[in-house]
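What follows is calculated from the coordinates using simple rules that are stated; it is not laboratory data. As the structure is a prediction and not an experimental result, all values here were calculated from the model. In this analysis, Cβ positions are derived from the backbone assuming ideal geometry, glycine residues included, and neighbour counts consider all displayed protein chains.
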Amino acid sequence: MKPVIMETSGLCVNYGRVEAIHNVNIRIREGEIVTVIGPNGAGKTTLLSALMGLLPARGEVKYQGHSTLGAMSVDALVAKGLVLVPEKRELFGSMSVADNLLLGAFARHRRGDRDHAKTMDEVYAIFPRLAERHKQEAGTLSGGERQMLAMGRALMAKPTLLMLDEPSLGLAPLIVKEILRIVVQLKSMGVSILLVEQNARAALQVADYGYVLENGSVAVENEAKALLHDPRVIESYLGLGGSHSIAA
Amino acid sequence: MAALLTSNRVLIAFLLGLAMLPLFAAQFTVTIVNYIGLYALVALGLVLLTGIGGLTSFGQAAFVGLGAYATAYLTTRHGMSPWGTLIVGMVITTAVSLALGFITLRLSGHFLPLGTIAWGISLYFIFGNVQALGGHGGIDGIPPVDLFGLELGSSRAFFYVIWITLLAAIITTQNMLDSREGRAMRCLRAMTMTEAMGINTLRYRMVLFMIAAQFACVSGWLYAHLQRFVNPTPFSLGQGIEYLFMAVLGGASAVWGAVFGATAVSFLKEWLQDWLPKLLGATGNFEMVVFGLLTIVVLHRARDGLWPILLRVFAIVAPQRQQMREVEPALPLPRRDAPAPGSEVLRVIEVTKRFGGLVANNKMNLTVRAGEVMALIGPNGAGKSTLFNCISGVNPATEGEIRFMGKRIDQLGSREIAKLGMSRSFQHVRLNQDMTVLENAAIGAHLRGRKNFVQSAWRLDREEERRLLWEAAHQLQRCGLGEHLFDTCGSLPLGKQRIVEIARALCSDPTLLLLDEPAAGLRHLEKRALAELLAKLRGEGMAILLVEHDMDFVMGLADRVLVMEFGEYLAEGLPQEIQTNPKVLEAYLGGVDE
Amino acid sequence: MDAAVALLLAQDGITNGAIYALLSLALVLVFAVTRVIYIPQGEFVAYGALSMAAVNAGFLPPTMWLVVTLGIAVAIVDSVAAIREGAKARLPMVIFKNAVLPILAVIVVRQLPLKDLAYVLQVLIALAFVVPLGPQVYRLAFQPVAEASVLLLLIVAVAVHFVMVGMGLYFFGAEGARIPPFTDGGVTLGPAYVQYQTIWIVGIAALLIAGLALFFEHSIYGKALRATAINRTGARLMGISADLAGKLCFTLSALVGAFSGILIAPITTIYYDTGFLVGLKGFVGAIIGGLVSYPLAAAGAVLVGLLESYSSFYASAYKEVIVFTLIIPVLLYQSLTTKHIDDEEDH
């Protein structure tokens, strides 16, 4: 068994006075792609925000053996290689593609790393499209290019664990395929990945292990290959009524 | 509110003490308490402006100056009676505040305080430089106020004028906030929602701004007749800043926070001015330093000011008795004519919405008929909420045509569309978390009332108010929230808050109901109750268009389903057709390619 | 008015306008990054000018004990935070940087023959005991409420302004001060006689603005500040902490403020409370720039300087009224061109 890189136990998150995430236990091992799938509103983005330290949470989150809740700030986590590509991408719209990428290396720059040019070439090798557009303002990119830039910017931080929030959101099937191909490529480069997706089949096809989140709790968890054919996954998405006929 | 008995006693004791004060207290104390009353009146205006309306003004001192100079000039130079000058002052203040409000109130939050600094300074320099107003020397010899032949010359006598004015202002303010227009004011910060309920937010910002200016003007009038002398100094920007301090430190969200803030700041400054030089034995504005430091510490610890803390302490000292309240029955409100069952209510024709280069909706078409539930589904990011915003006028369409009840509405604002009988809920709940469930729902009935804030300040709106609240209570009961009428919205789970949004929409007596993810966050039984309610509304002839992700819910309820993907039409049909449509399945779960 | 007077007034206006421009840039920066409407910006002008006057006259910088006191306070607050986060390894650095370093600086400065030092060194010493107040103020007054509303931050800013003005009276007394110009004399350029100090002011202001532009365009820290202003969440996710960005821009704004004070003190008498109005005029410039655009803010500030200078000639009593009412048409224009703005805070 490969060592665990991140683990949560009894994680609960409140939005105001409402519990949005309830008693979630997930585990990510080094070099794995773990996916969290589930219908809209299941709490997937909330879960990632809590893991990243953006939202206050209860329970325990261990990253590389350290308890993070209340002890590590967002920038401390980024400095330790935990990087989130958020659902809304959160690019710096009026800055160039190259500047966006450079800022991805900010945490490493503070630590004293100065190999940004080399890292940027590596990112351009993965996303040749970004190299073509390096001078363009991020705000003028198309949806697919934005997602690539968001991922490229995260890669500039040389992440140990990369968390992707709905990378397929709003993208056409061909681009989704391309993005997922790159996710697999990143895994082969040794990056551990937590992939949060609504697009369940696509996510399960590339993942090693999967969790199905429903109403803020883990409803099902299993090897990704097994989940791919689990009727309960379809039920959680398309409802009971039609699912049997579809699954049959 | 719940502890009426105990808090009433405290209030009575406070008022009694206040009434006795001029009879026993030293002159020095009477003077301070007089000033507290004057300050509190201005701060009360800021509570309305800042705490209720979310607007910030540094310039209130200039309005105080308008009131003071108007009476000083007109009584001394033209021999007018103080009561006449009060009216003139208020008229001038109305004109000036409307003009300044027109310029600044459309601006976003941070421009307003800066703008108020600008005219605050300008008016101050004008007071000091216009020769007719006595320049920096000011105007003296202002006559005392005369009430039914009784001359109120002494500051002990004037004490009652000041405090009765202040208490009247507090009571009328509280009355006003507890009414149809008051509820609209309390929701001003949620502008999109408020406009979608048919409320003209700019108008209410103006009204709040004007009332705050009037309170300041009256405070200035009182000041001039208390001092019998005015010069520009008390109307400077510095004093304007101090008023805002009083409101924020006291607690800008509560009416009594103004009084408490004025009291705390006045006594603190007095005390610091007395004691610091003795303690430190050096000259310097140490009271400013200590005052500034204390302010920083207080705001770090208590962002909502001191009054809420005081209430909490009070709640511990005198535990509140829970009191049940009821909504008084009243005549039902008149309803609008319903369209014939099956007739077309809404038609969307080739609607396109672009955000810059991004096409969020591309040539969408749909129709909704009276007495049917139409469901709009599609994966996350398909553009469903965008289409909702186009239809409800929250964010109008770029191209295409939308007809509602036969009228073209694609160029109308959400406020106008609401008036035509369309009402909606929001994907992200937009409720005032501090208001009760009943009050939140009553916002929806805003367009069904007529009484304005002046009438409500004097309680001339009670009959209509009863009818509005009765309607709100009725709709809430229908939605299964009858036991939560007097709970604050913030205390409800998110799922129930969504239901409050539906009840609020129903309060407007809509022809078409737009619901954005009404079932999200509901438990199984709650979902079933919601489906039953919507089916019942359909039975009554209402047209319902809903966006929903819970397929059990959609498939069990909808008459027709329209599926969107990437901002475009993907499929339309009966629920069972959609459930077996392979294109839909692929859109949701992703393609299977092996 | 003849041409000579007009030129003189223009010179005056441009000089003051250059200072307002510097301040308005600092204000835009602080607001864009931290959402603080930084009323105390002007106090740094007074502190810088009066500290320089003190050092120039051979006195120790009066603010040095304030720097030491606040430094110790920051050291305590940061140490508590470090211990709470279980990062005790940071403690020695935290204590050294914040508390020990200022004390060492005080010890060194006490040994120096201040009066006989070169002018440039005097400037550096004055700045060394004013500029650190910027990040210290951020750490103690603003960082604990960094996520609060713009209104609350504004009230805290006003409270800081009270404290700084009050302390200013204690440090510098009620007397105003001037400092000798960087270079005496002047030069005749065509029809106008221009003082060297005017050239210094305009030149250094232009250099500073160019320097800031370079910093924002080409250094990773400058880009990080811009990124924070554009997208706070995005910046946080890249490890650009709000605290770091806040400290950085408060340092820059203190530097700009204090240096502006030193620039202008040779031609205007500066009092402990002069800063407020000077700062507000910087605001007028910033508002003209809509609180977002640096070039527009700078241009607006120069306009303010010119307007002030000419109106002081024509209608000196109404000088301030004219300058501050300039905002109104600008706001009117903005209110008519800006479409609806939703202050909504989604919770």
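Given DSSP loops and a limit of at most 12 other Cβ atoms within 10 Å, what is the longest stretch of chain B that contains no such chymotrypsin sites (Phe, Trp or Tyr not before Pro)? Please report the intermediate quantities before stating the final value.
Values: sites that count: B:148, B:458.
With chymotrypsin sites (Phe, Trp or Tyr not before Pro) excluded where exposed in loops, chain B gives B:149-457 as its longest stretch.
Looking at the protein assembly as shown, send over the antiparallel percent of its DSSP beta bridges, to the nearest 5. Walk me through the numbers on the way to the answer.
On the way: 53 of 87 bridges.
Roughly 60 percent of the DSSP beta bridges within the protein assembly as shown come out antiparallel.
Can you compute the helix-only [θ] at 222 nm over chain C? Use -39500 (n - 2.57) per DSSP H run of at least 4 residues, normalise by all residues, nearest 500 deg cm²/dmol. Numbers along the way, then the final one.
On the way: 16 runs with 239 residues, N = 347.
Calculated mean residue ellipticity at 222 nm is -22500 deg cm²/dmol.
Between residue C:73 and residue A:229, what FRET efficiency follows from the Cβ-Cβ distance if R0 is 56 Å, with the result rounded to 0.05? Walk me through the numbers before you get to the answer.
Numbers: r = 62 Å, r/R0 = 1.12.
The computed FRET efficiency comes out at 0.35.
Note the angle between two axes, namely the Cα long axis of helix B:60-77 and the longest principal axis of the Cα atoms of chain B, as a number of degrees from 0 to 90, rounded to the nearest 10.
Value to nearest ten degrees: 50.
Dipole of region A:93-158, Cα-centred, from +1 at each Lys and Arg C-beta and -1 at each Asp and Glu C-beta, to the nearest 20 debye?
On the way: 11 positive and 8 negative charges, 46 e Å.
For region A:93-158, the charge dipole is close to 220 debye.
In nm, to one decimal, how far is the residue A:181 label point from the residue C:315 one, both placed 7 Å along Cα→Cβ?
Going from the residue A:181 label point to the residue C:315 one covers 7.1 nm.
Which whole-number percentage describes the relative contact order of chain B, with Cα contacts under 8 Å and a sequence gap of 6 or more? Intermediate results must be reported in sequence, preceding the final value.
Numbers: 1062 pairs, mean separation 99.0, N = 594.
It comes to 17 percent, rounded to a whole number.
Put a dot 7 Å past each Cα toward the Cβ at residue C:333 and residue C:84; how far apart are the dots in nm?
Label at residue C:84, label at residue C:333, 4.6 nm between them.
Going by alpha carbons, how many degrees (0 to 90, nearest 10) lie between the helix axis of B:201-227 and the longest principal axis of chain B?
With both axes taken from Cα atoms, the answer is about 10 degrees.
For chain B, what does the helix formula give at 222 nm: sum of -39500 (n - 2.57) over DSSP H segments with n ≥ 4, over the residue count, nearest 500 deg cm²/dmol?
Numbers: 23 runs with 325 residues, N = 594.
Theoretical 222 nm ellipticity from helices: -17500 deg cm²/dmol.
Let me make sure I get this right: for region B:292-383, a, b and c are the square roots of the gyration tensor eigenvalues over alpha carbons, sorted descending. Under 1.5 in a/c it's rounded, otherwise prolate if a/b > b/c, else oblate. Which is it?
oblate
Looking at region B:274-383, which GluC sites (Glu not before Pro) are in a loop (DSSP not H, G, I, E or B) and have at most 10 other Cβ atoms within 10 Å? Mind showing how you got there, number by number?
Values: sites: B:287, B:326, B:344, B:350, B:372; in loops: B:326, B:372.
Answer in residue order: B:326.
Taking square-rooted eigenvalues a ≥ b ≥ c of the alpha carbon gyration tensor, is region B:1-110 rounded, prolate or oblate, where a/c under 1.5 means rounded and, failing that, a/b exceeding b/c means prolate?
It comes out oblate by the Cα gyration axes.
How shielded is A:170-176 by partner chains, expressed as the average number of their Cβ atoms within 10 Å of its Cβ atoms? Please report the intermediate quantities before stating the final value.
On the way: counts 10, 2, 2, 7, 0, 0, 2.
Neighbouring Cβ atoms belonging to other protein chains average 3 per residue here.
Could you check the simple spin-label distance between residue B:25 and residue C:146, using points 7 Å along Cα→Cβ, in nm with one decimal?
Computed distance between label sites residue B:25 and residue C:146 equals 4.4 nm.
If you take the charge dipole of the protein assembly as shown about its Cα centre, with +1 on Lys and Arg Cβ and -1 on Asp and Glu Cβ, which of A:219, C:239, B:249 is farthest toward its positive end?
B:249
log₁₀ I(q)/I(0) of the protein assembly as shown at q = 0.05, 0.06, 0.08, 0.10 Å⁻¹, via Debye over equal Cα point scatterers, no solvent, to two decimals?
The calculated log intensity ratios at q = 0.05, 0.06, 0.08, 0.10 Å⁻¹ are -0.39, -0.57, -1.02, -1.48.
Note down the relative contact order for chain C as a percent, whole number, built from C-alpha pairs under 8 angstrom at least six residues apart.
Working: 507 pairs, mean separation 129.3, N = 347.
Relative contact order for chain C comes out at 37 percent.
Over chain A, what is the relative contact order in percent, taking alpha-carbon pairs closer than 8 angstrom and at least six residues apart? Can you show the working numbers first?
Working: 460 pairs, mean separation 65.8, N = 248.
Computed over chain A, the figure is 27 percent.
Using the Kyte-Doolittle scale, which helices in chain A average at least -0.5 and also have C-alpha atoms spread 20 Å or more along the helix axis, with helices defined as whole DSSP H runs? Walk me through the numbers before you get to the answer.
Numbers: long enough: A:173-188 (23 Å, 0.99).
Length and hydropathy pass: A:173-188.
Can you list the trypsin sites (Lys or Arg not before Pro) in region B:493-594 that are in a DSSP coil and have 14 or fewer other beta carbons within 10 angstrom?
Working: sites: B:496, B:498, B:504, B:523, B:527, B:528, B:536, B:538, B:560, B:583; in loops: B:523.
Here the trypsin sites (Lys or Arg not before Pro) that fit, given the DSSP loop and packing criteria, are B:523.
Using +1 on the beta carbon of Lys and Arg, -1 on that of Asp and Glu, and nothing else charged, what's the dipole of the protein assembly as shown about the Cα centre, debye to 20? Please report the intermediate quantities before stating the final value.
Details: 95 positive and 93 negative charges, 166 e Å.
Dipole of the protein assembly as shown, to the nearest 20 debye: 800 debye.
Shielding by partners for C:220-231, please: the mean number of other protein chain Cβ atoms within 10 Å of each residue's Cβ. Write out the running numbers ahead of the final one.
Values: counts 8, 3, 0, 8, 6, 0, 5, 9, 2, 2, 8, 9.
Counting other chains' Cβ atoms within 10 Å and averaging over C:220-231 gives 5.
Can you list the GluC sites (Glu not before Pro) in region A:1-63 that are in a DSSP coil and have 16 or fewer other beta carbons within 10 angstrom? Working shown, then result.
On the way: sites: A:7, A:19, A:30, A:32, A:60; in loops: A:30, A:32.
Hits after loop and neighbour filter: A:30.
So what does log10 I(q)/I(0) come out to for region C:3-346 at q = 0.11, 0.14 Å⁻¹, using the Debye formula with one equal point on every Cα and no solvent?
-0.75, -1.20
Among C:187, C:113, C:332, pick out the residue whose Cα is farthest towards the positive end of the charge dipole of chain C, where Lys and Arg carry +1 and Asp and Glu carry -1 on C-beta, about the Cα centre.
Looking along the dipole axis, the top candidate is C:113.
Helix B:494-506 versus the longest principal axis of chain B: what is the Cα-based angle in degrees, 0 to 90, to the nearest 10?
Its long axis makes an angle of about 90 degrees.
So the label point goes 7 Å from the Cα of residue C:111 along Cα→C-beta, right? Which residues of region C:49-77 then have their backbone N under 20 Å from it?
C:58-61, C:64-65, C:68
With +1 on each Lys and Arg Cβ and -1 on each Asp and Glu Cβ, how big is the dipole of region B:337-476 about its Cα centre, in debye rounded to the nearest 20? Could you put the intermediate results ahead of the total?
Values: 20 positive and 15 negative charges, 33 e Å.
Dipole magnitude for region B:337-476 comes out near 160 debye.
Among rounded, prolate and oblate, which fits chain B when a ≥ b ≥ c are the square roots of the eigenvalues of its C-alpha gyration tensor, a/c under 1.5 means rounded, and a/b larger than b/c means prolate? Kindly include the intermediate steps, with their values, before the conclusion.
Working: a/c = 2.33, a/b = 2.13, b/c = 1.09.
Note, shape of chain B comes out prolate.
What residue among C:218, B:81, C:307 has its Cα farthest toward the positive end of the dipole of the protein assembly as shown, where the charges are +1 on Lys, Arg and -1 on Asp, Glu, each on the Cβ?
Of C:218, B:81, C:307, it is B:81.
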